[in-house]
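Have a look at the structure below before the remarks.
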Amino acid sequence: MGVKGLQSFMDRCCPEACVTVHLRDMAKQHSAPQGVPTLVVDGMACLRHWYSCKDWVSGGQWKEYMAILKNWVEAITSAGIRLVFFFDGVVEEQKRLTWIKRRRRVNGDVCKIFAHIKAYGEQPCQEMSVLPSGLATFTRFALKSLGQEVFCSVREADYEIASYAREHNCMGILGHDTDFIIFDSAPYLSSAKLRIDTLTTVLYDRQRLCHTLGLAVFHLPLLACLLGNDVVYEERMQHIRNDALAKYRKFNPTSYPGSQQGQIILAVSQFVRSCSESHDVLIPPSLKLSPVDKELLEKGVQSYILFEQTKRRSSETTDHPAAVYQKYVSPTILQACREKHVAAEGFMVYSVVSEGMVECSNSLEDEEDTQLLPQAIVYKPCRQRIYGVLLLHTFNDVDINPPPIKEWFVYPGNPLKEPELVPPIPLKIQCDHPGLDALWFGKEQEVSSLRLACFLAILDCQDFADLYGIIEEHLFVTLCLVTYITVQVQTMSQEDVDAYLSQAVCLTQKSPQELQQIKLPFLCSRVIQLGCLYVRGLSYLLGANCASGCPITSEALMPWNSFDGRLFHSKYLLAHSSVEDLVLLDNNPSCLSVFDTLRTKVKDVCLKKGRELQSRPRRDTPQFSFKTREDPRHKERHPDGEGLGNQLDPRGIHHSAERWRGRGEVRRRHQVYENRGRHSRGNYPSASQQHPDFYTQQYHNRGVPANRRDSRGRFNHRGRYHLAPRWSQPPPS
């Protein structure tokens, strides 16, 4: 949640309530019941600050991100501070509309990102950045691997954070949400203004704010709801604010030096002070509200009343599971799911068995690329089998068809007007399913084998059972995931598979610093979507693993063990340039054997399923002119000669944009040159010996007629540009 305009009001109009503090000094002065001062961290609010990697568009720089997280944790814990992290675990129905509005807004941002990449072949500016898919999910596991205490909420995370901080007398809440001012809990510390090198940040003082506004702390929940938050939308209380502002200006004719929003906050504060004198009354009787608005306002105010402050709690805020799904799992399973969820050790299963509902936020998917299906559709069969494992084997052996799962998934073509109803489907396994209790808690040796069989059956990869324990576990996971993607996505080529597999094989030998130094001549929108598709797949594999009783270690399912965005991008360009396998594997002969094994397995299983994997080197032609290091303007930006080969200087981008605006439209070219036959791999120099423009020349000029190239051998961008068709509705499942 967040209170409309309160953060900016405090920053601009109430500086006395914004106090710079040193965390180390706060920790020394704090009286903790257990002797160790605790800082509660709103993990969702910190994600954007933690993910400071330069590359954010290619799917995630996960090794680099892990190093950043480790340094961040060590910097704070070295000051004698205990950290406790909370992450959102649910989307409450009363905030569904807000969630949808935000998802639609991000959809617009994603469209702009792909338009920029297609126009310039480079990552947009930081202001347009979106976080890599699955970042919140994998960050929970990352922090746990660093020995930190992590919780996943079963209701609104802000509420649980404030409750925990108050109950355990914590030194502060680190976050970026003005609701932490409204809650009568620990001091609110800004995550956005935290300097990790000096451990200084800004404390937003609740008492000083109340002094400025002339309010008591118990007035703050009503103030927040009248100003507008995620429960009581701003427009619902507009008439009250208008009346309060008119009265305020009548008695304060001198214009307040602050903004319009500042005057509104002062006016509503004066109104709350005049009509609310007791903390025992949630909604003052003097408020003239319709029954619907009064009920909504009561719900909003109650959302700020913590467990420890009152026993008053409406039935809407209880966290009991939906009764309709209780009969499909045993109480033991339900309790285990909840415990795994709260401890941030599970994924998907609790929301399925408790509420029958699953959400998935935005992904980097190009709505104009009809050759790649949205990830929600690609992984739908996988999710249906997960639902089947959880719900189709009842603990009381009663054969009942469970209702479908409600899915709120964001993807091109889905208007998000209502959830999609997705029915569970049973697994196809050779042995009898023993039931979920036996699968999760059974001690017999055969149960261990059955867990792996269930996991593989969810991915339809039973043929790989004999490889388990033979190859490294993270490569086993990669093999299953790449095979699943290849079977589901008919436009996947042998080159795409080679890119996925080679980067997973090579990743273990590269440090975060080496990955940061990978040079890319340009960014390809298709690679970006493929990278996102892979990372999203890892999150579904987490769900499959949880549902199957965890036959795979969680660490093997983490992206920092099998994926790096820049590395994958470079391997994709190499694979589609038809280089020999050794070049694709960084000239490391020791990687050839495992790479060949993985590739052969993928190809054989696909063929067995009627999916013939073909070589189709792509000849997509970028729509921008490359500014190579020979370009004098490029040297002005990179005097040391280093940098991306496709970096455009600001003048080039400006002039290009002006030309497009002069034409009145942006025309995009989606031309694919396909070669159905197997393309022989040539003998190319190693990646370290290649010319800086190797990818540009080899990947794009091959197959381009000579009369379409300029004097330097580059593609001449003339002719017509066409918009590809958009996704209207998802294809039938």
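Label-to-label distance for ASP581 and SER52 is 4.2 nm, based on points extended 7 Å past Cα in the beta-carbon direction. Each residue of the range 561-576 was assigned a 3J(HN,Hα) from its phi angle through the Karplus curve 6.51 cos²θ - 1.76 cosθ + 1.60 (θ = phi - 60°); the sequence is 9, 9, 8, 9, x, 5, 5, 5, 4, 5, 5, 4, 5, 5, 4, 7 Hz, with glycine and proline shown as x. So for the range 479-518, considering every pair of alpha-carbon atoms, how many percent are separated by more than 17 Å? Roughly 40 percent, rounded to a whole number. Peptides 485-492, 579-586, 91-98, ordered by how many other C-beta atoms sit within 10 Å of their residues on average, highest first, read 579-586, 485-492, 91-98.
The heavy atoms of HIS211 present about 150 square angstrom of accessible area, all protein chains included, probe 1.4 Å.
Look at the Cα gyration tensor of the range 499-630: its axes a ≥ b ≥ c give a/c of at least 1.5 with a/b over b/c, and that counts as prolate.
Among the listed pairs LYS28/LYS144; LYS63/LYS380; LYS144/LYS510; LYS417/LYS571, those whose Cα-Cα separation exceeds 32 Å are LYS417/LYS571.
Karplus-derived 3J(HN,Hα) values for the range 578-593, using 6.51 cos²θ - 1.76 cosθ + 1.60 with θ = phi - 60°, are 6, 6, 6, 4, 5, 5, 4, 9, 6, 6, 10, x, 5, 8, 4, 4 Hz; glycine and proline are entered as x. Rounded to the nearest whole angstrom, the semi-axes of the ellipsoid equivalent to the range 408-551, taken from the Cα gyration tensor as √(5λ), stand at 31, 23, 14, largest first. Between ARG273 and GLU418, the simple spin-label model (points 7 angstrom out along Cα→Cβ) gives 4.9 nm.
Kindly identify the range 41-117 as rounded, prolate or oblate by the Cα gyration tensor criterion: order the square roots of the eigenvalues as a ≥ b ≥ c, call it rounded if a/c is under 1.5, otherwise compare a/b with b/c, prolate if a/b is larger, else oblate. The shape class here is oblate.
Between ASN401 and THR597, what FRET efficiency comes out of the Förster formula 1/(1 + (r/R0)^6) with R0 = 35 Å and r the beta carbon distance, rounded to 0.05? Here the calculated transfer efficiency is 0.25. Between the listed residues VAL410, TYR379, LEU392, the Cα displaced farthest toward the positive end of the dipole of the range 352-423, a dipole computed from Cβ unit charges relative to the Cα centre, is found at LEU392.
Computed from backbone phi with θ = phi - 60° and the Karplus coefficients 6.51, -1.76 and 1.60, the 3J(HN,Hα) list for the range 522-532 is 6, 9, 10, 4, 5, 5, 4, 5, 5, x, 4 Hz; x is used for glycine and proline.
Spin-label model, ILE429/LYS294: points 7 Å from Cα along the beta carbon direction are separated by 5.6 nm. Distance from the C-alpha centroid of the range 554-588 to that of the range 102-177: 27 Å, rounded to the whole angstrom.
Work out the FRET efficiency for LYS250 and ALA216 from their Cβ-Cβ distance, taking R0 = 30 Å, and round it to the nearest 0.05.
Working: r = 25 Å, r/R0 = 0.82.
Here the calculated transfer efficiency is 0.75.
Charged neighbours of VAL352, selected by a Cβ distance under 13 Å, balance to +2 (K, R count +1; D, E count -1). Along its three principal directions, the equivalent ellipsoid of the range 103-158 from the Cα gyration tensor extends over semi-axes of 31, 15, 8 Å, largest first.
The values are calculated or read from the model by the stated rules, or taken from the named source; none is laboratory data. Here the structure is a predicted model, which is why all the values come from computation and not from measurement. Methodologically, a virtual Cβ is constructed for each residue, glycine included, from the backbone with ideal geometry; neighbour enumeration extends over all protein chains shown. Each accessible area value is taken on the protein alone, full model and side chains, heavy atoms only, with ligands, DNA and RNA left out. Shrake-Rupley method; radii C 1.70, N 1.55, O 1.52, S 1.80 Å.
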